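Enquirer: There's a structure below that I have some questions on.
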Amino acid sequence: MTFFGSTACGSTSFSRILQKGLTDNFAEVQVSVVDCPDLTKEPFTFPIKGICGKTRIAEVGGVPYLLPLVNEKKVYDLNKIAKDIQLPGAFVLGAGAGPFQTLGFNSEFMLLVQTESEHRPPVNGSYFARVNPADGGCLLEKYSEKYHDFGCALLANLFASEGQPGKVIEVKVKRRTGKLNFVTCMRQTLEKHYGDKPVGMGGAFIIQKGKVKTHIMPAEFSSCPLNSDEDVNKWLHFYEMKAPLVCLPVFVSRDPGFDLRLEHTHCFSHHGEGGHYHYDTTPDIVEYLGYFLPAEFLYRIDQPKETHSFGRD
Ligand SMILES: [Zn+2]
């Protein structure tokens, strides 16, 4: 566990830093500190109202458990993870691999889980996206419609909190003028400002207009080893998905030596599309609206002992 120390800097200074950095990459930028909107409402439909209180980032497992070949022992339970990060009952959001141990196939997972506590039962608001076996398209489903566990698998980048209402950083940008995607731009802005000191953020944003490039992993794990980005890109299915998309970003400015995936964002929608976010493909019309908070702590859970550097895009 690492103390980010970032809340000492406060949301106001984060918002000033992001305002300046995003202006290099987007034509219109407006960053401010606001009350978190009620996230139980459309389009978010989260199980909780806010993302505030005892914020943490946790990275669980990692790409080395998926590639070159899958390690099917690497399965996790979010109620247990909430205890591991010393926040039983946490609201957890983020990006990971779907629980193949329950589903029976591989998928992209959009995690939205109110974990179990003494006071209330757990609620799973997660979605998963799989490649449609019939036509190679995207099949997005709400996990709790058929499944009742709180599993995830292989790798996950999580932002956890008490799920309380409170102040958050609102980021509105329109029209991309630079090369960086929305999340990379925020992450690199923080890295430039904070240097060696890692800071991390998570939350939710909506792609309100335009289209984005995404991927979904195949339903079957690769039976031959995938040893490079080129191999991985041939294995993945790529899509262009359309707004509105709700995205679950988790990012850390730099790796303090825990083999971190520095940014990971999955998205879902109410029109049947969802997957792993790469970047928007419509810079002239794209619009993003997001709500973020810095994390107080970073936890690394089940870090792979043997690692590599591909498959992190
Ligand atoms: Zn992903």
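Enquirer: Within the bounds of the range 102-109, is there any residue that is more than 21 Å from PHE297 (Cα to Cα), surrounded by fewer than 22 Cβ atoms within 10 Å (Cβ to Cβ) and of a type in the set (Val, Ile, Thr)?
Expert: Within the range 102-109 (the criterion being more than 21 Å from PHE297 (Cα to Cα), surrounded by fewer than 22 Cβ atoms within 10 Å (Cβ to Cβ) and of a type in the set (Val, Ile, Thr)), the answer is yes, since at least one residue qualifies.
Enquirer: Any residue in the range 259-273 that is over 11 Å from ALA243 (Cα atoms) and within 15 Å of the ligand (Cβ to nearest atom) sitting within a Cβ distance under 7 Å of a residue that is hydroxyl-bearing (Ser, Thr, Tyr) and not in a loop (DSSP other than H, G, I, E, B)? List the pairs, counting only those 6 or more apart or interchain.
Expert: Note: pairs meeting the criteria are GLU263/THR184; THR265/TYR277; HIS266/TYR277.
Enquirer: Report, by residue number, each residue of the range 196-233 that is assigned to a helix (DSSP H, G or I) and over 22 Å from THR184 (Cα atoms).
Expert: Residues of the range 196-233 that are assigned to a helix (DSSP H, G or I), as a first pass: 229-233.
Once the filter is applied, which keeps residues that are assigned to a helix (DSSP H, G or I) and over 22 Å from THR184 (Cα atoms), the range 196-233 yields only ASP231.
Enquirer: One residue is enough: does the range 70-93 have a residue meeting the conditions of a type in the set (Lys, Arg), assigned to a helix (DSSP H, G or I), more than 18 Å from the chain's Cα centre (by Cα) and surrounded by fewer than 23 Cβ atoms within 10 Å (Cβ to Cβ)?
Expert: Quick first cut of the range 70-93, residues of a type in the set (Lys, Arg) only: 73-74, 80, 83.
After this cut, where a residue has to be assigned to a helix (DSSP H, G or I) as well, the list is 80, 83.
Those left that are additionally more than 18 Å from the chain's Cα centre (by Cα): 80, 83.
The next check asks that each one be surrounded by fewer than 23 Cβ atoms within 10 Å (Cβ to Cβ); those that pass are 80, 83.
Yes, because at least one residue in the range 70-93 is of a type in the set (Lys, Arg), assigned to a helix (DSSP H, G or I), more than 18 Å from the chain's Cα centre (by Cα) and surrounded by fewer than 23 Cβ atoms within 10 Å (Cβ to Cβ).
Enquirer: Can PRO165 be described as away from the ligand (no atom under 16 Å from the Cβ), touching a Pro at 6+ places or on another chain (Cβ under 8 Å), closer than 30 Å to LYS83 by Cβ and not aromatic (Phe, Trp, Tyr)?
Expert: Details: away from the ligand (no atom under 16 Å from the Cβ): yes; touching a Pro at 6+ places or on another chain (Cβ under 8 Å): no; closer than 30 Å to LYS83 by Cβ: yes; not aromatic (Phe, Trp, Tyr): yes.
No, not satisfied.
Enquirer: Assess whether PHE109 counts as being in a strand (DSSP E or B) and either touching a strand residue (DSSP E or B) at 6+ places or on another chain (Cβ under 8 Å) or not hydrophobic (A, V, I, L, M, F, W, C) (or both).
Expert: Details: in a strand (DSSP E or B): yes; either touching a strand residue (DSSP E or B) at 6+ places or on another chain (Cβ under 8 Å) or not hydrophobic (A, V, I, L, M, F, W, C) (or both): yes.
Judged against the criteria, PHE109 is a match.
Enquirer: For the subset of the range 277-291 comprising residues that are surrounded by fewer than 24 Cβ atoms within 10 Å (Cβ to Cβ) and within 16 Å of the ligand (Cβ to nearest atom), which member is nearest to LYS142 (Cα to Cα)?
Expert: Filtering first and then ranking leaves HIS278.
Enquirer: Looking for something under 21 Å from the mean Cα position of the chain (by Cα), touching a residue at least 24 places away in the same chain (Cβ under 8 Å) and within 16 Å of the ligand (Cβ to nearest atom) - is there at least one such residue anywhere in the range 220-227?
Expert: Filtering the range 220-227 down to residues under 21 Å from the mean Cα position of the chain (by Cα) leaves none.
The answer is no, given that none of the residues of the range 220-227 is under 21 Å from the mean Cα position of the chain (by Cα), touching a residue at least 24 places away in the same chain (Cβ under 8 Å) and within 16 Å of the ligand (Cβ to nearest atom).
Every read-out reported here was derived from the displayed coordinates using simple, explicitly stated rules and does not represent laboratory data. The structure displayed is predicted, hence computed values, not measured ones. All Cβ positions, even for glycine, are placed from backbone atoms using ideal geometry, and neighbour counts span all protein chains on display.
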